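A short write-up of the structure that comes next.
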Amino acid sequence: MKLLEDRIRKEGVVKPGNVLKVDGFLNHQMDVGLFNEMGKEFKRLFADCPVNKILTIEASGIGIACIVAQHFNVPVVFAKKTQSINIDGDVYTCKIESYTHKRTYDVIVSKKYINKDDHILIIDDFLANGCAVNGLIELIQSAGATVEGVGIAVEKGQQPGGKLLRNQGIRVESLAIIDSMDDQTGEIIFR
Ligand code: 5GP
């Protein structure tokens with residue numbers, strides 16, 4: 001999606017450790033007009049899928065997911081990161097290692113909000129190694145629901161997450177795919 005690529009080129013900052021900072025429009029301040037264009041594009045890409053719910057993970061996926069959901073006219077559920085070891089039986093759980101924070105979270109979704117009849121589109125801001133998306137898929141599978149696909153704003157194609165998911169037969173649509181980025185020169189090359 002050219003609009004998103006242009007914005008990343010203009011405002012993205014490449015940090016050591018293969019991290020792209022896009023705080024000016026996505027991860028801290030949010031450009032809702034841009035999110036709306038992204039929502040339109042996801043709706044076009046997944047037009048043939050019977051999506052009845054969107055699933056994301058807190059915190060940075062929530063803003064995008066909400067705007068995308070308006071285009072599908074469906075609710076958004078966000079998986080919650082929890083410190084609690086006393087997880088009761090009312091939730092589905094998985095473990096997700098955070099790429100940016102380098103720690104592992106227990107992640108939960110209430111059984112009230114996902115069930116076997118759901119056809120779910122996963123939305124997230126970034127795809128790197130795929131831990132977050134794989135965790136969300138595990139939650140959906142625990143509920144016996146269907147994964148319709150995965151919509152990602154920025155895929156870092158130099159990391160294995162996208163390839164691993166597509167190799168499992170999961171439909172992944174990313175609006176911008178980065179092939180390489182250099183924290184010395186700041187250069188970002190898109191696929
Ligand atoms: P993964 O689980 O695929 O390894 O990483 C994806 C998650 O880590 C996303 O939910 C996102 O919040 C965060 N993340 C991974 N790489 C980046 C990055 O380069 N920049 C930002 N801002 N977040 C990232």
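Give me the mean projected area, in nm² to one decimal, of the convex hull enclosing the Cα positions of the chain.
Computed as one quarter of the Cα hull surface, the answer is 10.2 nm².
Pairing the Cα long axis of helix 32-45 with the longest principal axis of the chain, what angle in degrees results, from 0 to 90 and rounded to the nearest 10?
Between the helix axis and the principal axis of the chain, the angle is about 70 degrees.
Given charges of +1 on the Cβ of Lys and Arg and -1 on the Cβ of Asp and Glu, with all other atoms neutral, how large is the dipole of the chain about its Cα centre, in debye to the nearest 20?
140 debye
For the range 1-113, with the dipole built from +1 on Lys and Arg beta-carbon atoms and -1 on Asp and Glu ones, taken about the Cα centre, which of Ser98, His71, Gly17 lies farthest toward the positive end?
Value: Gly17.
Grab the Cα-Cα distance for Lys116 and Arg44, subtract it from 0.36 nm times how many residues apart they are, and report the gain in nm with one decimal.
23.4 nm
Normalise the Debye intensity by I(0) for the range 89-159, one equal point scatterer per Cα, no solvent, then take log10 at q = 0.15, 0.18, 0.25 Å⁻¹ and round to two decimals.
Per q value, in the given order, log10 I(q)/I(0) is -0.51, -0.71, -1.16.
Please give the contour-minus-distance gain from Lys15 to Glu173: 0.36 nm per residue of separation, less the Cα-Cα distance, rounded to one decimal in nm.
Here the segment from Lys15 to Glu173 would lengthen by 54.4 nm.
Does the range 27-86 come out rounded, prolate or oblate by the C-alpha gyration tensor, with a ≥ b ≥ c the root eigenvalues, rounded set by a/c under 1.5 and, if not, prolate when a/b is larger than b/c and oblate if not?
oblate
Return the percentage of antiparallel bridges among DSSP beta bridges fully within the chain, rounded to the nearest 5 %.
45 percent
Just to make sure I understand: if all protein chains stay in place, what is the order of Phe35, Phe190, Phe78 by accessible area at 1.4 Å, largest first?
Largest to smallest exposure gives the sequence Phe78, Phe190, Phe35.
Going from most exposed to least, what order do Lys43, Lys95, Lys112 have by accessible area with a 1.4 Å probe?
Lys112, Lys95, Lys43
The values are calculated or read from the model by the stated rules, or taken from the named source; none is laboratory data. Just so we're clear, the structure is a prediction, and the values are computed from it rather than from any experiment. Counting neighbours? That spans all protein chains shown, and the Cβs are built from the backbone with ideal geometry, glycine included. Just the protein is used for accessible areas: all its heavy atoms, side chains included, with ligands, DNA and RNA removed. Shrake-Rupley method; radii C 1.70, N 1.55, O 1.52, S 1.80 Å.
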